Amino acid sequence: MALPTFKYHPDPVATGSVKASDAVCRCCGQARGMIYTASVYAEESLEDSICPWCIADGSAAQKFEATFSDDIPLIEAGLPDDVIEEVTTRTPGFNSWQQETWQSCCEDACEFHGDAPRAELLELQGDALAETLAACEWDESIWTPFVQGYQPGGNPAVYKFVCRHCGKVKYVVDFT
């Protein structure tokens with residue numbers, strides 16, 4: 001069975017938010033071969049127990065009064081309610097060290113692309129570097145050694161987001 005399409009998280013398997021599993025989904029009661037592995041905000045623990053199909057159709061969010069990402073950054077960005085709802089209730093979230101911060105651009109939520117590749121961060125310059133440094137409240141004297149020691153999947157983490165409209169790439173630095 002083909003994985004559902006998520007416009008704000010185009011490859012949740014590659015990002016590690018969905019993995020192959022024989023687990024039975026607590027929402028639909030089916031073992032579909034894939035299970036969601038990232039954050040779930042709900043009253044009960046739903047760790048590794050929801051299938052991506054129940055996220056995509058909104059049934060997991062409805063049944064468990066759950067969300068999969070924090071809505072505050074999207075609300076603060078002034079995004080439309082339907083976009084906020086899609087990202088938080090019908091899109092796989094991602095695991096982060098602190099509270100995840102979903103990025104936006106062009107009056108829409110960005111696509112989540114997982115951990116930024118180290119080589120890509122080493123090549124940052126100009127406006128892209130300036131914007132990343134401003135978001136981190138860092139200067140190049142901190143950024144350069146940080147990136148030289150950075151390993152995707154580690155702590156600290158750098159998450160990559162891409163605007164669905166203009167293609168701009170945004171990075172979020174996260175650590176314990």
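The values are calculated or read from the model by the stated rules, or taken from the named source; none is laboratory data. Small disclaimer: the values here were computed from a predicted structure and weren't measured. In this analysis, Cβ positions are derived from the backbone assuming ideal geometry, glycine residues included, and neighbour counts consider all displayed protein chains.
Cβ separations smaller than 8 Å between residues 6+ apart or across chains give the following pairs from the stretch 115-133 residues that are small (G, A, S) to residues that are at pLDDT below 90: A116/P152. Scanning the stretch 106-158 for residues that are closer than 20 Å to S69 by Cα, touching a helix residue (DSSP H, G or I) at 6+ places or on another chain (Cβ under 9 Å) and part of a loop (DSSP other than H, G, I, E, B) yields E107, P156. Of the helices (runs of 4 or more DSSP H) lying entirely inside the stretch 1-91, those containing at least 2 residues that are among the charged types (D, E, K, R) are 81-89.
Residues checked against (1) acidic (D, E); (2) crowded, with 21+ Cβ neighbours inside 10 Å; (3) at pLDDT below 95; (4) touching a strand residue (DSSP E or B) at 6+ places or on another chain (Cβ under 9 Å):
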{"site": "A31", "(1), (2), (3), (4)": "no, no, no, no"}
{"site": "D82", "(1), (2), (3), (4)": "yes, no, no, no"}
{"site": "E85", "(1), (2), (3), (4)": "yes, no, no, no"}
{"site": "P92", "(1), (2), (3), (4)": "no, yes, no, yes"}
{"site": "E100", "(1), (2), (3), (4)": "yes, no, yes, yes"}
{"site": "Q103", "(1), (2), (3), (4)": "no, yes, no, yes"}
{"site": "C106", "(1), (2), (3), (4)": "no, no, no, no"}
{"site": "A119", "(1), (2), (3), (4)": "no, no, yes, no"}
{"site": "L129", "(1), (2), (3), (4)": "no, no, yes, no"}
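Hey, among the residues in the stretch 164-176 that are over 13 Å from the mean Cα position of the chain (by Cα) and not β-branched (V, I, T), which one's farthest from H9 (Cα to Cα)? Here the answer is F175.
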